[in-house]
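Everything below concerns the one structure shown next.
The values are calculated or read from the model by the stated rules, or taken from the named source; none is laboratory data. Remember, predicted model here, so these are calculated numbers, not experimental data. So basically every Cβ, Gly included, is an ideal-geometry build from the backbone, and we count neighbours across all protein chains shown.
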Amino acid sequence: MKTLRSLLVSYRFVSILSFFVYRLLIYVALRVNEPPVAVIVPSSQTVHLPNNVAILDGRTSTDDTKIVSYKWNLEKGPISYQFEPKSQITLELNGMPPQIK
């Protein structure tokens, strides 16, 4: 979202014969930084044994400025699953135990 804000600039010119004051009103757009939107593809995934690998992709995430890094966190899962957080655009999950949701 952009809003306009005015900025008043004054310039004064003085000479022996005359005195001038110039005023210029400038409107500048102030941008409000919006939070990024994280998108994981696929949004849900079923892994069938004996395959126990899932790949999650965050490249369709967006930000109004620029995405500078990614951080993956495990929010829910079995205690026995060892997760190492990564800071990359995709995440490959290996060795998932059966019934992980």
Restricting the first residue to segment 52-80 and requiring it to be closer than 30 Å to Leu30 by Cβ, which pairs with a second residue that is loosely packed, with under 10 Cβ neighbours inside 10 Å and among the polar types (S, T, N, Q) meet a Cβ separation below 7 Å and a spacing of at least six or different chains?
Asp64/Asn33; Thr65/Asn33; Ser69/Ser87; Tyr70/Ser87; Lys71/Ser87
When segment 90-101 is checked residue by residue, the ones that are part of a loop (DSSP other than H, G, I, E, B) and surrounded by 13 or more Cβ atoms within 10 Å (Cβ to Cβ) are Met96, Ile100
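State the number of residues belonging to segment 47-57 that are β-branched (Val, Ile, Thr) and at pLDDT 80 or above. Please lay out each step first, then the result.
Here is the first cut: in segment 47-57, the residues β-branched (Val, Ile, Thr) are 47, 53, 55.
Of the ones still in play, those that are also at pLDDT 80 or above are 53, 55.
Count: 2.
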Output the residue which, of all residues in segment 87-96 that are more than 18 Å from the chain's Cα centre (by Cα) and farther than 16 Å from Pro42 by Cα, is modelled with the highest pLDDT.
Asn94
Pick from segment 17-46 the residues that are modelled with pLDDT of 75 or more, of a type in the set (Ser, Thr, Tyr) and over 25 Å from Val68 (Cβ atoms): which of them is nearest to the chain's Cα centre (by Cα)?
Ser44
Quick one: which of Lys66, Lys76, Lys86, Lys71 is surrounded by 12 or more Cβ atoms within 10 Å (Cβ to Cβ), basic (Lys, Arg) and in a loop (DSSP other than H, G, I, E, B)?
Lys86
Enumeration of residues in segment 46-63 that are assigned to a loop (DSSP other than H, G, I, E, B), aliphatic (A, V, I, L, M) and surrounded by 10 or more Cβ atoms within 10 Å (Cβ to Cβ)
Val47, Val53
Give segment 58-86 a look and list any residue that's modelled with pLDDT under 85 and not aliphatic (A, V, I, L, M), or say none.
Asn73, Glu75, Lys76, Gly77, Pro78, Ser80, Tyr81, Gln82, Phe83, Glu84, Pro85, Lys86
